[in-house]
Every structure is written in C-alpha cells, then in structure tokens.
Amino acid sequence: MKKILVILLLTLVYVGASAQKTGANLFSAAWDVSFPTNNDFLTKTSLAGFRFDYKKFLTDNLSVGATLSWNSYEQYIARQTYEKDRTAVTTDMERTIYNVPMALTAHYYFKGPKTIRPFAGLGIGAQYSDQTIYYNIYQTDVDNWGFLLKPEIGAYYPLGTRGAAIVLGGSYAWATNKNDAFRINSLTNFSVHLGFAWAGGW
Amino acid sequence: MKLQSLLLVLTCYLIVGGCRKSPDLDELSSKFVVATNADKEADFKTYKTYFISDTIRYLTNTSTDTVLVGPDADQLINTVKSNMSALGYTFVGRFDDPDVGLNMMVVKDLNIQTIVYPDWWWDWWYPWYWYDWYYPPYYPWSYTYAYTTGSIYISMGDLKNAPETKKLRMLWDALMGGALGTQSQNIAEGVDAINQAFQQSSYLKTN
C-alpha cells in the first residue's frame, strides 16, 4: 500500500505533456487478473475478472470518471478440523469470493514515449462482495458492502489515430468488507488489467 | 472501423460470458461433514458408564421406516461403542443406571431440507426406549441444525443427574451429513464420520 502511494506521489510530481483533448470521453473494457493479498480465507490468483472504465477529460492531462469491475476467486481447502472452545467442524471445502468494486476516479496523464500515454489515478467508492463456502452438499453464503480505495497506474497504447487503444494497468484495492463468520476483516488485492479503450482521438 | 467493431464484439463476449464464474466443485470429497458440540461446563470425567440402544431412529420419506436395525445399524452402533470404550466408558444395560445415554438417528431420503431446533424438536423423536428417563431435554448450547438427506445425529444426555435436576441435560452431540451414495458406501462414510466425531472431541474421557 505504501509503495503504491509513493509511486503515485512521485509520478504526480513529474507533470507531463497533454494526452487527450479537453472534453473528450474515453471508454475502456479490460480483462482483470487479481491477486488476493490480505486474508487467510483464500490466496489463489483469479483469472476470472473484467473491468470497465469511463473517463471525461477536464483538461488535456486530467480526467474524472467511474470504474466498475468484477472478480471471481475460488480455492479448494483440504479436509481439516475447525475448532472453537468445544465446538468443532471437520470438512473440506471450496471457498469463493465474488467482488464487484465500483468507484469514482481521477487520473493524471504524463508525458511518455511518443506512442504511449501513461497515467496514474485514484478511485474512491464501494465494493459489493459475496463470500461462499461449499462443503459436501451444503453451502454457507455471506454478502456485504465495504468502502473502497483503489490507487492505480497504467498506460494507453493508441492504435492509430481513430480512437482505439490498448490499455494496460495495475491497481491495488483496499475495501472494508467484513465477515466475522469467515474471519474476514477487509479485502485487498493487486490486479492487472489488459484491454481496449475507445476515445475521441489521440 | 472494422477493428473497432471487432473489439466491441470481443468485449461483449467477455462481459456476457465471464461474469461470476461458477465454482468448480469436482474437488469436493464425499466424506461427511462432521460437526460436534458440547456443554462447556460439563466434566466428562464424572461419568463412567453409558447406554446406547441397538435401534437407530430412521427418518425417510416412507412413513413405515422408523427404525434401522440389522448389520448396518450394528456397524454404526458398534463404532460408537468402540470409541466410548477406548475413552474409558463402560457399557451397561439401560436398567443398570448408566451415567449417560447415547441416542442415534439417521435421516435418509428427505427431499426438503429441514431446519431443526433441538429444544422443541426433541419431543417427536424422543426414543421410546428412553421412557424410563423421561425428563424435559435441555441443551446448554444454542444452534440449529439443517438436516438433509444423509445425516447421522448422535446425542449424549446426562442420565446421572436427571432425577435430581428433572431435566435431561445434553452433554455432547454430533451431526454428520452429506450426499448419499450406495448403502454400503453410506455406512462406510458413516463409520468414518463417527470416528471423526469422537476424534475431534478430545474432552470426552473418563480420566
């Protein structure tokens, strides 16, 4: 988390050249690979994820917008005994998390190589999450909402001058989703996304 | 423009096709889930003898199937007996003043999951062979059970102190559940589950 903030601050210091025309709209859709980082509930990387972004350029190098994404995590946990006082349960299980983070965003665009538009930004919003345990023929399901902070960096690689571009980015998400039953106090992850963007011209 | 259209189609495919992946449950084993609970205050060393009937209450969709007897029942009952014996408890007849009574029930073929509250549920399955010790049951812990097809339930009641307290205090219970396979497979899973129930209840011992 600290490293991400330092990177963001450092990059914000180096004000670059303009990337987009003021007033332009940008849409992007990307495959989102996510690495859960903070909980004992599951640790397996999720390849099942997607994200959408909308950005409105207030100036040539500053945009505001919104992001919406989803990530499905799952991990098999071998049979073991869970104990508390004189209560115990023995089972194997499949643990899953389905996250839907959504945030309002602000991004800054830097001067990069001729063909690349690097950016850094921050999203603030909420995250819906559903955590489910499947064991034998049973399932236990808990869902919740949390406050979300999502700093990120990335870059656009324009495909010609007609508005399409490839986007590659990385983000860190910290959300306050809490689930006492599964001993989850928050949900955090790093994610990398790769996809396409459409804008009014680069 | 062609490129943009292609990208749009690809995006739509990824959106529609990918949202919320269904979990892969193939890895899950068929072994029963084993849950045990016990009175936190109970001192199991104060109990030395026990009784368990050779008859198992058997709940199915067929109203005539009310008890489970024969080799299958014997196998499950004997598993309980061997575990109790290994823990130092002595089996005695039901008229020989056992300190604790064990009761076993098997649920099979019930299509609808039933949420059961042990306190009020007790009456209708109170075992007929316990009539000598009929006292209102009392569970020192509070939780509900979800009985589905393929559940085995064992409870242990305090018979030693029941005449004085006028209550049948539950000391320990175990719920073992899962999907049903063939009869022999079910019994084998049941035996494993009973062994596991005792194994994870390390406080059950006479000394």
Review point. Using θ = phi - 60° and the Karplus curve 6.51 cos²θ - 1.76 cosθ + 1.60, what whole-Hz ³J(HN,Hα) does each residue of segment B:193-198 get, with Gly and Pro shown as x?
Key: 5, 5, 4, 5, 4, 6
Study note, to complete from the structure: For segment A:50-56, in residue order, the Karplus 3J(HN,Hα) values (coefficients 6.51, -1.76, 1.60; θ = phi - 60°; whole Hz; Gly and Pro = x) are 8, 9, 10, 9, 10, 9, 10
Review point. What average count of beta carbons from other chains do you get within 10 Å of the Cβ of residues in A:48-61?
Key: 1
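Can you classify segment A:2-199 as rounded, prolate or oblate using the Cα gyration tensor, where a ≥ b ≥ c are the square roots of its eigenvalues, rounded means a/c under 1.5, and otherwise it's prolate if a/b beats b/c and oblate if not? Before the final figure, lay out the partial values.
Working: a/c = 2.88, a/b = 2.45, b/c = 1.17.
Because a/c hits 1.5 or more and a/b exceeds b/c, segment A:2-199 counts as prolate.
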Review point. Given charges of +1 on the Cβ of Lys and Arg and -1 on the Cβ of Asp and Glu, with all other atoms neutral, how large is the dipole of chain A about its Cα centre, in debye to the nearest 20?
Key: 860 debye
Review point. Per-residue mean of other chain beta-carbon atoms within 10 angstrom of the beta-carbon, peptide B:28-41?
Key: 5
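Please list, by residue number, every one of the trypsin sites (Lys or Arg not before Pro) in segment A:67-105 that is coil in DSSP and has at most 14 other beta-carbon atoms within 10 Å.
Working: sites: A:Arg79, A:Lys84, A:Arg86, A:Arg95; in loops: A:Arg86.
Taking segment A:67-105 and a limit of 14 other Cβ atoms within 10 Å, no loop trypsin sites (Lys or Arg not before Pro) are found.
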Point to revise | Shielding by partners - mean other protein chain Cβ count within 10 Å, residues of A:91-99 | key: 4
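Taking 8 Å as the Cα distance limit and 6 or more residues as the minimum spacing, I'd like the relative contact order of segment A:15-123 as a percentage.
Values: 248 pairs, mean separation 28.3, N = 109.
Reported relative contact order: 26 percent.
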**Study point:** 0 to 90° range, to nearest 10: angle between helix A:2-13 axis and chain A longest Cα axis
**Key:** 10 degrees
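No lab work stands behind these numbers, since they all come straight from the coordinates. Since this is a predicted model, take the numbers as computed values, not measurements. Ideal geometry is used to build each Cβ from the backbone, glycine not excepted, and the neighbour counts take in all protein chains shown.
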